[in-house]
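Colleague: Got a structure for you, written out below as structure tokens; questions coming shortly.
Bear in mind that the values in this text are calculations on the coordinates, not laboratory data. Given the structure is predicted, the values throughout are model-derived calculations rather than measurements. Here the Cβ positions follow ideal geometry from the backbone for every residue, glycine too, while neighbour counts run over all protein chains shown.
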């Protein structure tokens with residue numbers, strides 16, 4: 001896979017995820033914090049890793065895949081610096097996801113968590129709100145605190 005193909009996938013995920021966010025929330029200007037590509041098989045995963053290594057470096061290994069700090073990339077929702085390549089997972093058939101930074105997370109959580117498509121996902125040192133809509137082949141997340149803050153990447 002060429003880095004141009006990887007760039008195209010990243011742009012498509014952020015664009016579709018931003019549309020999903022804008023359809024269900026009023027957080028229209030929320031900037032992208034990180035993006036994740038859901039590999040659908042081992043070959044695609046390996047190709048994505050090779051391409052991602054050309055535009056960034058691995059900064060964290062997670063149980064579900066590698067997180068890269070990439071060259072700052074301009075997207076429809078701001079500059080992207082973090083990219084995850086997710087291992088193939090039968091529960092992740094979408095193209096990928098993007099995570100957006102919400103300025104007033106508590107207010108956002110109160111307003112949207114009870115609405116259709118939103119789900120709270122507690123993690124070890126943070127929590128996130130997942131947004132899914134069957135009309136979209138991406139997912140959208142809102143993390144508290146955002147991943148760049150968790151990793152001190154600004």
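Colleague: Only one residue in 78, 65, 56 is touching a residue at least 12 places away in the same chain (Cβ under 8 Å), over 29 Å from residue 111 (Cβ atoms) and under 15 Å from the mean Cα position of the chain (by Cα), so which one is that?
Modeller: Unique residue meeting the criteria: 65.
Colleague: Which one of 85, 37, 70 is over 13 Å from the mean Cα position of the chain (by Cα), closer than 21 Å to residue 148 by Cβ and buried (at least 16 other Cβ atoms within 10 Å of the Cβ)?
Modeller: 70
Colleague: Here's something else I'd like to know. Please verify whether residue 147 is more than 16 Å from residue 24 (Cβ to Cβ), touching a residue at least 24 places away in the same chain (Cβ under 8 Å), out of contact with any helix residue (DSSP H, G or I) (no Cβ under 6 Å at 6 or more places or on another chain) and buried (at least 19 other Cβ atoms within 10 Å of the Cβ), treating the condition exactly as stated.
Modeller: yes
Colleague: Which residue is nearest to the chain's Cα centre (by Cα), if the candidates are limited to the range 117-136 and must be part of a loop (DSSP other than H, G, I, E, B) and surrounded by fewer than 14 Cβ atoms within 10 Å (Cβ to Cβ)?
Modeller: 123
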